[in-house]
Amino acid sequence: MAVEYQLVTLRAVDGVNHDALLVIDERAARIRERATGRRTALMHVHGIMGNFLVGTLRFLAPPLARAGYPVLIVETRMGNVGQLFGPGIFDRARRDLSAGAEWLRTNGFDHLVGMGYSSGATLITRWAATAHVPWLRGLVLIGAPWGLPESLESRSRRWRAQPSYETIFERASVIMEHPESEEADRLFVIERSRGPSSQPRDSEVYTYRTWWHSRGPEASAAKTHLQIGQVRAPLLMLQGTTDSVVHPEEAEALATVARRGGNLNVEVTMIEGTDHFFGGREFIVTDTIARWMRRHG
């Protein structure tokens, strides 16, 4: 039987609905269950914190499904449209991940491993640190930033973004004194936020509210380094050595915080010669995760 793709709907505790995609090879999952006595699934949050249009490592889920590990890819309210229209408040997106975990539990899976890529890694780390899910058996972070606010500030300085990080903070500080105001949900564009040009590909768009709660210096929930020390499940981190979005040294820095927090099972795999998108090293990424899953999933 081939890998199948099943579209499901998740309903968060506050009534917000989101799509999710279950990638599963039923035969491989049954073989794995008979061999281990466990029915394990991965719950994945991709980049831009959940939107099927962007930030997706499309190579990732099918090989893991063929290895016997179904993958539930969860959209969240932090998907890029959420950033534009206001509902994308970072910490509320934990509810979407809890809905995904509950869906898996209801559908017969008894072991869960969380997985996140880029900004999705930050979100699922926050969830793992605070959700208190007893059947969470591990956490896989791929290209995880030290923190979303720090990452944006660093890129802004590198590319001389307009407006600057400091300018946005000054404006947002005044606006968010009155969070009920229309100004809080006004859109603005940061040019040269992700690269050297003023073209859309190198720009980012937020409302002042979504910037404040996900990229502002006081957005502690979006700072991976403040969350990862509370994660007790086994932890695997993968990082490309030529990544220009997340500095390669951030992976080991996060691992150090996790170990100091008391996590005795932290692994870091540096993947040589690849960037934030792992082009040309796809097999290494999936094989590393599959081997780690055989020990922890």
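Just a few scattered comments:
- Using bins of 10 Å that start at zero, the share of Cα-Cα pairs per bin across the range 150-214 amounts to 23, 53, 22, 2, in whole %.
- Between Glu252 and Glu170, the C-beta separation translates, for a Förster distance of 41 Å, into a calculated FRET efficiency of about 0.75.
- Degrees between helix 148-159 axis and first principal axis of the chain (Cα, 0 to 90, nearest 10): 60
- Arg186/Asp110 FRET efficiency (R0 45 Å; Cβ-Cβ; nearest 0.05): 0.45
- DSSP bridge orientation in the chain - percent antiparallel, rounded to nearest 5: 40
- Inter-label distance, Phe283 to Leu7: 3.3 nm, where each label sits 7 Å from its Cα along the C-beta direction.
- Positive minus negative residues near Thr56 (Lys, Arg vs Asp, Glu; Cβ under 14 Å): -2
- Mean-position separation - Cα centroids, the range 215-236 and the range 78-145, in angstrom: 12
- Taking only the Cα atoms of the range 1-116, the ratio Rg/Rh comes out at 0.99, with Rh defined as the Kirkwood radius.
- Net charge dipole size for the range 150-214 [Lys, Arg +1 and Asp, Glu -1 on Cβ; Debye, nearest 20]: 480
- In this calculation the C-beta distance from Arg38 to Ser244 is compared with R0 = 45 Å, giving a FRET efficiency of 0.70.
- Each other residue within a Cβ distance under 13 Å of Leu139 adds +1 if Lys or Arg and -1 if Asp or Glu, for a net charge of +2.
None of the figures in this text is laboratory data; all of them are computed from the coordinates on show. Everything numeric here is computed off the predicted structure, so don't read it as measured data. Quick reminder, even Gly has a Cβ in these numbers, built from the backbone with ideal geometry, and neighbours come from all protein chains shown.
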